[in-house]
Amino acid sequence: MNAPSDKVKSALAATSWALLGMMSYEEEVSGYDLKKWIDWSVDLYYWSPSYSQIYTELKKLESLELVTSRVERDEGTRSRRLYKITPAGMAAITDWTNNAPLDPPVLKHSMLLRVTFGHLSTPARLKELLAEHVAYAEARYRKAIEDAEGAEVEPAWAYSVMALRWAAKYYAAEREFALELMKDIDEAAATIEKAAKGGFGKPRPTPGYWREVEKQVQAKREVD
């Protein structure tokens, strides 16, 4: 298989690579199928694009001749467009899987951001939010386990099963971390009561002290 051109590589976003990867199993699928398939698997450890993102990227993939499509009509008036990977598409996703540089994981954690700004909340409210997060992590953990068990029957998904089981361990750890935070909140609340107050009556650190902390950290790094 020929390596994809620089034009192809630069034109494709993460959603396109994910879609090509799903289609590399060579099944003819609709945009709806791809969304459901991603929600069942990749969503647990990457993300789930919207339908509009999927259809936009499918059009781009077709314009680059990485997939082909055809319209399938039923006996009535309904129709759907089905997509299938091309040899060029298979070459592109194979090259991406093996040679594209890894993007660093991005942690976008709303719960931790709420904890960071916990001085604007109350211990009771933070515990409520953490309880919601624990329930979310538990639900995702169970989904990952169930999806992995469902995928085990298909030999072609052996690597997907590994990813799903990793996701299950991640959400199990996430649940435990949240439970630990709940235990630590009262201690943090007692500590923050000692902090000076600003004009709004909220805890206020020494102005500019974060710069001093930055200098201390940098100096330690230089020594290490």
**Message:** Less than 21 Å apart at the alpha-carbon level, and either on another chain or at least 8 residues along: which lysines does that give for Lys36?
**Reply:** Lys59, Lys60, Lys84, Lys143
**Request:** Quick one: compute the contact order of the chain, relative version, from alpha carbon pairs under 8 angstrom and 6+ residues apart, as a percent.
**Result:** 17
**Request:** With the full set of protein chains in place, find how many percent of the accessible area of the stretch 41-177 is carbon and sulfur; take the probe as 1.4 Å.
**Result:** 58
**Asked** Want the number for Ser10 to Ser110: 0.36 nm per residue separation, take away the alpha-carbon distance, what's left?
**Response** 32.9 nm
**Message:** From the phi angles alone, apply the Karplus equation (6.51, -1.76, 1.60; θ = phi - 60°) to the stretch 86-96 and give each ³J(HN,Hα) in whole Hz, x where the residue is Gly or Pro.
**Reply:** 9, x, 5, x, 5, 5, 5, 6, 5, 5, 4
**Item:** Solvent-accessible heavy-atom area per residue, rounded to whole Å², over the stretch 28-134 at 1.4 Å
**Value:** 65
**Message:** Checking the cross-link filter: which aspartates and glutamates have an alpha carbon closer than 13 Å to that of Lys202, excluding same-chain neighbours under 8 positions apart?
**Reply:** Glu193
**Request:** Name the long-range amide H neighbours of Val67: under 5 Å, sequence gap of 5 or more, or other chain; modelled H, no Pro or chain starts.
**Result:** Glu62, Thr86
**Request:** May I ask for the angle, rounded to the nearest 10°, between helix 51-63 and the longest principal axis of the chain, with both axes built from Cα atoms and the value confined to 0 to 90°?
**Result:** 50
**Asked** Taking the chain as a Gaussian network, Cα atoms linked when under 10 Å apart, which of Ser41, Ser30, Ser50 shows the biggest mean-square fluctuation?
**Response** Ser50
**Prompt:** Helix 31-40 sits at what angle to the longest principal axis of the chain, using alpha carbons and giving 0 to 90 degrees rounded to 10?
**Reply:** 40
**Prompt:** What are the GluC sites (Glu not before Pro) within the stretch 83-154 that DSSP puts in a loop, where the Cβ has at most 16 other Cβ atoms within 10 Å?
**Reply:** Glu152
**³J(HN,Hα) computed for each position of the stretch 151-163 - Karplus, 6.51 cos²θ - 1.76 cosθ + 1.60, integer Hz, glycine/proline x** = 7, 4, 6, 9, x, 5, 9, 4, 6, 4, 4, 4, 5
**Asked** By how many nm would the segment from Arg221 to Ala139 grow when fully extended, if each residue of separation counts as 0.36 nm and the alpha-carbon distance is taken off?
**Response** 25.5 nm
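The values are calculated or read from the model by the stated rules, or taken from the named source; none is laboratory data. None of the values given here were measured: they were computed from a predicted structure. Ideal geometry is used to build each Cβ from the backbone, glycine not excepted, and the neighbour counts take in all protein chains shown. These accessible areas exclude ligands, DNA and RNA; they are computed on the full protein's heavy atoms, side chains included. Shrake-Rupley method; radii C 1.70, N 1.55, O 1.52, S 1.80 Å.
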